[in-house]
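Every read-out reported here was derived from the displayed coordinates using simple, explicitly stated rules and does not represent laboratory data. Please read these numbers as outputs of a predicted model, since none were measured by experiment. Cβ placement follows ideal geometry from the backbone for every residue including glycine, while neighbour counts extend to all protein chains displayed.
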Amino acid sequence: MIKLENVRKSLSGREILKGVTFEIPKGNTFVIIGRSGTGKSVTIRHVVGLMKPDSGKVFMDGQDISDPETVDLPALRSKIGLLFQEGALLASLTVGENVALPLVENERPSEEEVKERVAEALRRVEMAEDHHKYPSEISGGMKKRVGLARAIIRRPEIMLYDEPTSGLDPVMATTINLLVRKMQKDLGVTSIVVTHDMESAFMVGDQIGMLYQGKIIEVGTPEEIRTSSNPIVRQFIKGDVEGPITTAG
Ligand SMILES: Nc1ncnc2c1ncn2[C@@H]1O[C@H](COP(=O)(O)OP(=O)(O)OP(=O)(O)O)[C@@H](O)[C@H]1O
Ligand SMILES: [Mg+2]
């Protein structure tokens with residue numbers, strides 16, 4: 001279970017999150033949609049303890065993780081797989097070494113186990129053949145898939161995907177969407193997916209929440225969001241230029 005309760009956060013003197021509230025039951029996938037710069041990545045950072053709310057609370061499995069006094073961050077992070085928006089691969093390591101990193105840094109696996117687990121994770125994202133390449137030798141979409149392999153290598157209970165399908169061709173985007181679904185089904189993973197890709201949102205989400213002007217203004221199933229009567233939601237999912245959302249919003 002993940003729960004945000006009235007989370008507020010200012011960065012560089014501007015209030016980005018103005019009371020974000022949502023709850024994700026265990027094993028569910030929650031999709032956050034919203035325009036560029038609205039605070040989707042900032043929201044994700046609160047769930048991993050990379051940012052602390054100015055006020056409000058973040059709970060994971062009932063534990064308040066917004067309080068730095070009481071939270072065991074390494075234990076928390078061991079439960080979470082995070083796919084960074086930018087991929088964040090280390091240039092000096094091969095694809096295989098990048099994927100192995102969270103495993104060798106946090107556990108004491110045998111060499112054989114590392115090899116097996118890396119191969120398994122890379123197979124899931126169709127990158128097994130490329131384990132010896134360096135990040136500079138692969139495309140943007142491939143980097144994204146390697147980032148995903150790295151995020152799942154420790155078999156996390158919680159997965160946070162920041163724009164998992166951006167920069168991917170449509171076929172690979174569908175592969176990644178199916179993988180998100182499979183992680184949920186096979187491993188009972190609880191997930192947050194941040195995306196502007198509405199097709200992906202409808203495909204992977206149990207619930208979709210729209211972040212707008214610092215708040216989640218609407219939450220619903222894909223069907224409820226698709227048929228929403230809220231003009232802001234309607235404009236966003238249809239990508240209309242005309243409507244209540246302005247460039248400032
Ligand atoms: N560390 C930081 N310091 C100052 N401002 C920040 C910081 N991180 C994010 N911001 C600001 O917070 C706002 C929200 O950023 P965020 O990265 O969450 O947007 P986003 O919704 O993920 O957008 P995108 O869809 O483009 O990824 C932006 O205005 C950004 O400039
Ligand atoms: Mg972002």
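Points to keep in mind about this one:
- Annotation: extensible slack from ILE217 through GLN235 equals 5.1 nm (criterion: 0.36 nm per residue apart, minus Cα-Cα distance).
- Entry note, the chain: the mean residue ellipticity at 222 nm calculated from DSSP H runs of n ≥ 4, each adding -39500 (n - 2.57), is -11000 deg cm²/dmol after division by the residues and rounding to the nearest 500.
- Antiparallel beta bridges, as assigned by DSSP with both residues in the chain, represent about 55 percent of the total such bridges.
- Qualifying trypsin sites (Lys or Arg not before Pro) for the stretch 22-82 [loop in DSSP, other Cβ within 10 Å: at most 16]: LYS26, ARG35, LYS79
- Under-5 Å amide H pairs with THR29, H placed in peptide plane, nonlocal only: SER191, ASP206, GLN207
- Phi angles across the stretch 215-224 convert, under the Karplus curve 6.51 cos²θ - 1.76 cosθ + 1.60 with θ = phi - 60°, into 3J(HN,Hα) values of 9, 7, 8, 7, 10, x, 5, x, 5, 5 Hz, Gly and Pro given as x.
- With the simple model of a label 7 Å out from the Cα in the direction of the Cβ, ARG35 to GLU199 spans 2.4 nm.
- Principal axis analysis of the Cα atoms in the stretch 95-170 yields extents of 36, 28, 17 Å, listed in decreasing size.
- Applying a threshold of 22 Å to the alpha-carbon distances of LYS52/LYS238; LYS40/LYS238; LYS3/LYS143; LYS40/LYS182 flags LYS52/LYS238; LYS3/LYS143; LYS40/LYS182 as lying beyond it.
- Residues considered: ALA88, ALA151, ALA121. Largest GNM mean-square fluctuation over the chain, using C-alpha springs under 10 Å, is found at ALA88.
- Alpha carbon Rg of the chain, scaled by the compact-globule rule 2.2 N^0.38 Å: 1.01
- Model label points for LYS52 and ARG155, set 7 angstrom from Cα along the Cα-to-Cβ axis, are 3.4 nm apart.
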